[in-house]
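As structure tokens, the structure follows; a few thoughts come after it.
The values are calculated or read from the model by the stated rules, or taken from the named source; none is laboratory data. All figures in this text were calculated on a predicted structure; none of them were measured in a lab. Cβ: placed from backbone, ideal geometry, glycine included. Neighbour counts: every protein chain shown. Heads up: the accessible areas ignore ligands, DNA and RNA and are worked out on the full protein's heavy atoms, side chains in. Shrake-Rupley method; radii C 1.70, N 1.55, O 1.52, S 1.80 Å.
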2 protein chains.
Amino acid sequence: MKQTKISEAVVRRLPIYLQVLNEMHSREIQTVSSQELGYKLDLNPAQIRKDLAYFGEFGRKGIGYDVQYLIEKIRQILKVDQTIKVALVGAGNLGHALCNYNKYSKDNMQITAVFDVLPSKIGSHINSLKVLPMSELARVVAEQNIRIGIITVPAFEAQNVANQFVEAGVEGILNFAPAILRVPDEVRIQNADFTKELLSLAYYLVREGEAENESDLD
Amino acid sequence: MKQTKISEAVVRRLPIYLQVLNEMHSREIQTVSSQELGYKLDLNPAQIRKDLAYFGEFGRKGIGYDVQYLIEKIRQILKVDQTIKVALVGAGNLGHALCNYNKYSKDNMQITAVFDVLPSKIGSHINSLKVLPMSELARVVAEQNIRIGIITVPAFEAQNVANQFVEAGVEGILNFAPAILRVPDEVRIQNADFTKELLSLAYYLVREGEAENESDLD
DNA sequence: TAGATTGTTAATCGATTAACAATC
DNA sequence: TAGATTGTTAATCGATTAACAATC
């Protein structure tokens with residue numbers, strides 16, 4: 001039974017909580033308060049408590065949160081308590097990089113199949129995975145129970161690849177191509193296009209020749 | 001003279017507008033209404049008009065927006081009407097991938113220097129750029145007027161690299177490492193950690209063995 | 001018991017959307 | 001002129017923060 005709809009903002013904070021908690025766990029810290037977490041993350045402690053409270057009562061009044069227990073709970077909420085299999089299309093540099101980050105394994109996310117549209121790439125290897133042709137996508141996704149697709153092809157191919165992922169039945173797509181993808185509502189799209197990140201970063205630069213001092217007005 | 005403080009949400013939408021407008025421009029579309037843009041981007045037309053109105057009056061009543069003119073204006077706002085130089089630390093797979101995307105050049109963002117902490121990497125080449133040791137960072141950033149730093153090193157090195165970027169005087173950092181970086185307020189940090197993207201994507205998966213049908217309640 | 005800290009309600013703040021006069 | 005669409009104000013919606021009773 002789902003509680004009141006959880007907002008995206010909340011969901012996007014959960015992995016950050018997890019990151020800090022993991023780091024604390026590795027330093028053998030047993031217990032943490034929302035205040036300490038808030039300080040580390042630059043977030044309001046009330047927000048952290050509220051976020052967690054959407055999913056249950058994980059803390060103890062007067063004490064705080066048990067680090068290990070909270071990790072476990074957040075992993076359950078994010079569904080990374082089970083292994084989740086991922087397929088990647090686009091065996092270029094970026095695809096390579098992501099495959100090497102199979103340190104996700106710590107988070108139970110595993111890239112277990114790699115595809116490419118280019119004949120020249122097919123049959124080559126990334127780590128121990130053979131690059132397969134797109135014609136194999138549907139079969140492999142079904143057989144391996146792959147639930148998430150990653151797109152690292154050029155923008156003009158991205159929609160086509162997305163269509164094939166949807167057709168194959170993935171539930172979510174992580175898209176690195178600088179393209180706006182159309183998929184059915186039941187498939188979740190997450191965009192991770194760093195060209196846009198760079199552009200929005202540029203906004204905060206100080207225009208050359210402009211006073212850098214913004215504190216001259218109070 | 002800055003208008004009322006522009007919210008981050010607005011700034012993050014500007015690159016998306018730019019992307020769609022560029023695509024329209026390449027198809028030789030002259031004019032676009034907020035309604036059409038809204039449809040393409042799945043955004044409320046009023047929001048688009050409001051976003052743009054923060055920066056000036058770019059449209060014409062009864063007509064819409066001139067595509068080319070609006071592109072020009074958004075590029076000015078984002079400050080990519082000038083060339084912005086970028087340095088990258090971490091000549092691994094991901095660093096490689098980003099360098100190859102020097103198709104940013106279209107957006108006037110250029111990676112003009114690459115560094116690494118590992119002696120084994122130093123002296124090798126990425127495209128035409130030689131990988132330099134960190135000891136050169138401050139000098140090169142100053143000499144080339146580099147304003148943005150990209151971090152693609154492992155998490156445990158990231159803070160150290162960030163410190164050196166700050167020291168060298170960059171104004172913004174794009175961080176790909178799964179680490180929370182502390183920098184002075186005047187330096188802008190943008191996180192682009194796809195491990196977190198993947199985790200939040202997992203949240204939207206349907207738990208195995210759970211009914212997928214969410215429409216049984218109205 | 002006194003001190004700390006949660007979970008939660010109420011207050012505030014900010015962002016999105018609707019509505020419409022202005023005008024091309 | 002009639003139709004379209006902006007820029008902007010007002011209304012709504014949602015997210016963040018403050019405050020505090022409950023309780024460890």
Would you mind computing, in nm to one decimal, how far apart the modelled labels at B:D185 and A:K130 are, each placed 7 Å from Cα along Cα→Cβ? 5.9 nm
Given B:33-42, A:141-150, the highest-first ranking by average Cβ count within 10 Å works out to A:141-150, B:33-42
Return the long-range amide H neighbours of B:R188 (sequence gap of 5 or more, or a different chain), with a cut-off of under 5 Å between placed amide H atoms. B:G172, B:I173
Antiparallel DSSP bridges in the protein assembly as shown: what percent, to the nearest 5? 20 percent
Give me the Kirkwood hydrodynamic radius of the protein assembly as shown, using the inverse of the mean 1/r over all pairs of distinct Cα atoms, in Å to one decimal. 23.5 Å
Which value in deg cm²/dmol, rounded to the nearest 500, describes the helix-derived mean residue ellipticity at 222 nm for the protein assembly as shown, given -39,500 (n - 2.57) per DSSP H run of n ≥ 4 and division by the residue count? -12000 deg cm²/dmol
Positive dipole terminus of the protein assembly as shown, leading residue within B:L37, B:G149, A:N127 (C-beta point charges): A:N127
Need one number: nm distance between label points at B:V206 and B:E72, each 7 Å from Cα along Cα→Cβ, rounded to one decimal. 5.2 nm
Separation between the B:R27 and B:Q47 pseudo-spin-labels, each 7 Å from Cα along Cα→Cβ, expressed in nm? 2.2 nm
Cβ-vector label at 7 Å, A:G169, separations to other copies in nm: 5.9
Whole angstrom only: what separates the Cα centroid of the range A:14-37 from the Cα centroid of the range A:79-95? 26 Å
How much of the accessible area of chain A, probe 1.4 Å, is carbon plus sulfur, in whole percent? 49 percent
Nearest 10 degrees is fine. How inclined is helix A:67-78 to the longest principal axis of chain A, computing both from alpha carbons? 40 degrees
To the nearest 10 degrees, how steep is helix A:8-26 against the longest Cα principal axis of chain A, on a 0 to 90 scale? 80 degrees
Student exercise, the range B:29-182 dipole from Lys, Arg, Asp, Glu Cβ charges, in Debye to nearest 20: 220 debye
Round to the nearest 0.05 the FRET efficiency obtained for A:I63 and A:A9 when R0 = 25 Å and r is the Cβ-Cβ distance. 0.40
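Sorted by mean Cβ packing within 10 Å, highest first, what order do the peptides B:57-63, B:11-17 take?
Sorting B:57-63, B:11-17 by mean packing, highest first, produces B:11-17, B:57-63.
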In degrees, nearest 10, the alpha-carbon axis of helix A:155-168 is tilted away from the dominant principal axis of the alpha carbons of chain A by 90 degrees
Average partner chain C-beta neighbours within 10 Å, per residue of A:184-196? 5
Got the A:T83 label distances to the other copies yet, label 7 Å along Cα→Cβ, in nm, shortest first? 4.9
Using the alpha carbon gyration tensor of the range B:8-78, what are the three equivalent-ellipsoid semi-axes (square root of 5 times each eigenvalue), largest first, in whole Å? 16, 13, 13
Could you give me the ³J(HN,Hα) list for the range B:54-62, computed from phi with Karplus coefficients 6.51, -1.76, 1.60 and θ = phi - 60°, whole Hz, x at Gly and Pro? 4, 9, x, 9, 9, x, 10, 4, x
Heavy-atom accessible area per residue - chain A, 1.4 Å, Å²: 51 Å²
Nearest beta-carbon to the A/B symmetry axis - residue in chain A, distance in Å: A:A97, 3
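Is there a simple number for the mean count of other chain Cβ atoms within 10 Å of the Cβ of residues in A:147-156, and what is it? Don't skip to the answer; put the middle values down first.
Details: counts 5, 5, 0, 4, 0, 1, 0, 1, 3, 0.
The mean count of partner-chain Cβ atoms within 10 Å per residue comes to 2.
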If you take each beta carbon of peptide B:169-176 and count the beta carbons of other chains within 10 angstrom, what is the mean? 3
With the label 7 angstrom out along Cα to Cβ, how close does A:R27 come to the same site in each of the other copies, in nm, nearest first? 5.2
Sorted by chain and then number, the residues having a modelled amide H within less than 5 Å of the amide H of B:V114, at least 5 places away or on another chain, are B:L88, B:L132
In whole Hz, the Karplus estimates of ³J(HN,Hα) for the range A:108-120 (6.51, -1.76, 1.60; θ = phi - 60°; x where Gly or Pro) are 6, 9, 10, 7, 10, 7, 10, 10, 8, 8, 7, x, 4
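Using only protein heavy atoms and a 1.4 angstrom probe, determine the accessible area buried between A and B, summed over both sides, in Å² to the nearest 100.
When A and B are taken together, about 6400 Å² of accessible area is lost.
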Of B:I74, B:A97, B:I180, whose Cα points farthest to the positive end of the dipole of chain B (charges on the beta-carbon: +1 Lys, Arg; -1 Asp, Glu; origin at the Cα centre)? B:I74
Charges only on Cβ, +1 for Lys and Arg, -1 for Asp and Glu: so what's the dipole of the range B:94-207 about the Cα centre, in debye to the nearest 20? 340 debye
Identify, among B:F115, B:Y65, A:G59, the residue whose Cα sits farthest towards the positive end of the charge dipole of the protein assembly as shown, taking +1 on the Cβ of Lys and Arg and -1 on the Cβ of Asp and Glu, with the dipole about the Cα centre. B:F115
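Dipole size in debye (nearest 20) for the protein assembly as shown around its Cα centre, Lys and Arg Cβ +1, Asp and Glu Cβ -1?
Details: 48 positive and 54 negative charges, 39 e Å.
Around 180 debye, computed over the protein assembly as shown.
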